Amino acid sequence: MFKRLATGRRINSGKDDPAGLIAASRLSSELGRLEAQSRSLQRADANAAIAEGNAAQLSALFSDLNTLVIAGSNQAGLSKAEIAANQMQIDNTVASIQRFHGDAVDSLSGFNMEGTGNADVEALYDSAYAAAVSVRSGAANDLSSGNYEAASTALRQASLDVAIARGKIGGFQKNVIGPQLRSNQIAFENLTESRSRILDTDYAVEMSNLNRLQILSTSGIKVLKIAQQQSRAVLQLLGN
């Protein structure tokens with residue numbers, strides 16, 4: 001009793017409750033598994049957030065690129081120097097897209113979407129990047145080619161591809177990682193409570209037992225004292 005009160009544990013050794021100890025050990029193992037799985041899910045969620053950030057940058061760059069192409073297509077009011085300046089901005093934007101494309105593809109390795117999810121997103125990034133490459137200097141749809149409609153159509157599709165990729169990543173976070181994390185948290189709380197009921201001391205019961213023992217002990221001492229007093233009184237009477 002005193003050990004249970006001191007340690008806060010109802011089971012301090014196997015002999016206290018062999019079956020309970022086995023059950024608690026199994027629960028502890030399951031809790032460890034849930035903790036490890038939750039840490040893995042949290043890392044995947046963080047990596048997915050990074051991937052979403054890269055995709056958001058790509059989306060903004062493709063919007064800027066399409067604007068530059070549209071501006072450059074109005075050559076009637078532009079000098080050759082201005083058209084060249086627009087093409088230079090397009091080339092710089094394509095270079096940024098190339099950098100973020102690489103980062104976006106690399107970030108996919110931090111999590112695994114179901115089925116071909118990762119491969120599908122990478123394919124969308126590659127398709128969008130190909131559209132960007134087609135408008136840089138010397139490519140099929142640069143400003144000097146005059147293929148403005150083709151360039152604008154390709155870039156609109158590229159923007160859509162990146163948006164679809166972002167949607168897939170966001171859906172994975174919302175519909176897969178989020179529910180699993182919440183489910184793990186609920187299971188962890190329930191298992192922790194179950195293990196506590198097995199292992200932890202019920203202080204109300206133990207204190208009740210302690211009080212009862214103290215009362216019995218005090219009563220026994222008082223009875224013994226009364227008996228001793230009565231014995232002395234009898235001896236005194238006999239002595240008289």
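Could you say which residue among SER107, SER127, SER134 is surrounded by 14 or more Cβ atoms within 10 Å (Cβ to Cβ), touching a residue at least 60 places away in the same chain (Cβ under 8 Å) and in the same structural domain as ILE50 (by TED's automatic domain parsing)?
SER107
Could you tell me which of the residues ASN54, ASN86 is at pLDDT below 95 and closer than 18 Å to LEU143 by Cβ?
Residue meeting the stated conditions: ASN86.
From ASP126, ASP103, grab the single residue that is part of a helix (DSSP H, G or I), at pLDDT 95 or above and farther than 30 Å from SER25 by Cα.
So the residue among ASP126, ASP103 that is part of a helix (DSSP H, G or I), at pLDDT 95 or above and farther than 30 Å from SER25 by Cα is ASP126.
For segment 137-169, give me the residue count where each residue is closer than 30 Å to SER79 by Cβ and either in a helix (DSSP H, G or I) or not assigned by TED's automatic domain parsing to the domain that holds ALA84 (or both).
14
Please work out which residue is nearest to GLY115 (Cα to Cα), limiting yourself to segment 164-186 and to residues that are of a type in the set (Gly, Ala, Ser) and surrounded by fewer than 16 Cβ atoms within 10 Å (Cβ to Cβ).
Ranking the qualifying residues of segment 164-186, first place goes to GLY171.
What pairs come out if I take residues in segment 29-44 that are in the same structural domain as ALA187 (by TED's automatic domain parsing) and under 22 Å from SER107 (Cβ atoms) and pair them with residues that are surrounded by 15 or more Cβ atoms within 10 Å (Cβ to Cβ) and aromatic (Phe, Trp, Tyr) whose C-beta lies under 6 Å away, six or more apart or interchain?
Short answer, once both residue conditions are applied: ALA44/PHE111.
How about segment 47-79: which of its residues are free of Cβ contacts under 8 Å to residues at least 24 places away in the same chain, assigned to a helix (DSSP H, G or I) and aliphatic (A, V, I, L, M)?
Within segment 47-79, ALA60, ALA71, ALA76 qualify.
For segment 170-217: of the residues being in a helix (DSSP H, G or I), farther than 30 Å from GLU52 by Cβ and of a type in the set (D, E, K, R), which is modelled with the highest pLDDT?
Applying the filter and picking the extreme gives GLU193.
The values are calculated or read from the model by the stated rules, or taken from the named source; none is laboratory data. As the structure is a prediction and not an experimental result, all values here were calculated from the model. Note: ideal-geometry Cβ built from the backbone for every residue, glycine included; neighbour counts use all protein chains shown.
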